[in-house]
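Before any comments, here is the structure.
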Amino acid sequence: MIEHDALSATREAYDAVAPVYAQRFRDELRDRPLDRAMLGAFAEVVSARGDGQVADLGCGPGHITAYLDELGLAAFGVDGSSAMIELARQAYPGLRFDVGSMAALNIADGALGGVLSRWSVIHTPPQEVPVILAEFHRVLAPGGHLLVGFSASDDPSHPTQVFDHAVAPAYRWSPDHFAATLRKSGLAEVARMVREPQPTDRRQFKEIHLLARKG
Ligand SMILES: C[S@@+](CC[C@H](N)C(=O)[O-])C[C@H]1O[C@@H](n2cnc3c(N)ncnc32)[C@H](O)[C@@H]1O
């Protein structure tokens, strides 16, 4: 597996912090109306096609998977960290959570109506992200949607930049560069929401929620 080293390091780092992370972020959507708006739009476009399951890839402790379930989607979660998956199963016993790698998903071709990747591609070295996007494309049905969230880089001379994430090495992307990388993977941008940094944010980065569709 091409991202083996990065994934092992990420998995170990998230295993170590899983309970703290779950505690800190379990209710985060309550104070994030714009995130809820994009998740709501994602749920609507996926439901409108009437098809299939939705995977929350890099689901962490499962709180967003549970929100997708509340929105009426047939959602399940996948994460590389077994400690995160254990916590997700405990917190949301009615939902399915699997340990797995985004670079080699145990999901059939074209099986999904939607893929959510919320702050989970940030830990993959940028040159390896196309492998993950190819997996997203493979598991989506034609017309299926991807919603991806990540921290943005504003510097046009650096389309990707490493940043000091509290858990594991992480990378921010220029939104245009990420959209172009998606396009090369057969995923066309539908819309993007740019959230400006707020005074209470720990890091003063823009946040991007980008909705794309498989052609
Ligand atoms: C910043 S957390 C985001 C969790 C959740 N999506 C959220 O919005 O709070 C990143 C998660 O992605 C997972 N992850 C990162 N790279 C992964 C990969 N290549 N395959 C599977 N999971 C991965 C980590 O284990 C971690 O739980």
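Count Lys and Arg as plus one, Asp and Glu as minus one, and take only other residues whose Cβ is under 13 Å from that of His137; the net charge is then +3.
Among residues other than Pro175 whose Cβ falls under 14 Å from its Cβ, what is the net charge (Lys/Arg +1, Asp/Glu -1)?
On the way: positive: Arg172, Arg183, Arg192, Arg195, Lys206; negative: Asp154, Asp155, Asp176, Glu189, Glu196, Glu207.
Residues near Pro175 contribute -1 overall.
Normalising by residue count, the chain has a Cα convex hull of 109 Å³ per residue.
Any idea what the relative contact order of the chain is, in percent, if you count C-alpha pairs under 8 Å spaced at least 6 apart? Working shown, then result.
Details: 425 pairs, mean separation 41.4, N = 215.
Once divided by the residue count of the chain, the mean separation gives 19 percent.
Available extension along the chain between His165 and Val190 is 6.2 nm, counting 0.36 nm per residue and deducting the alpha carbon span.
Over the stretch 131-206, the ratio between the Cα radius of gyration and 2.2 N^0.38 Å evaluates to 1.21. Computed over the chain, the per-residue total of -39500 (n - 2.57) for DSSP H runs of n ≥ 4 gives a 222 nm mean residue ellipticity of -11500 deg cm²/dmol, rounded to 500.
What's the magnitude of the charge dipole for the stretch 4-214 around its Cα centre, counting Lys and Arg as +1 and Asp and Glu as -1 at the beta-carbon? Answer in Debye, nearest 20.
Details: 21 positive and 26 negative charges, 65 e Å.
In debye, rounded to 20, the stretch 4-214 gives about 320.
Spin-label model, Asp176/Arg24: points 7 Å from Cα along the beta carbon direction are separated by 3.3 nm.
Only the coordinates and a few stated rules stand behind these numbers; no lab work does. Computed from a predicted structure; not experimentally measured. Every residue, glycine among them, receives a Cβ derived from its backbone with ideal geometry; neighbour counts consider all protein chains shown.
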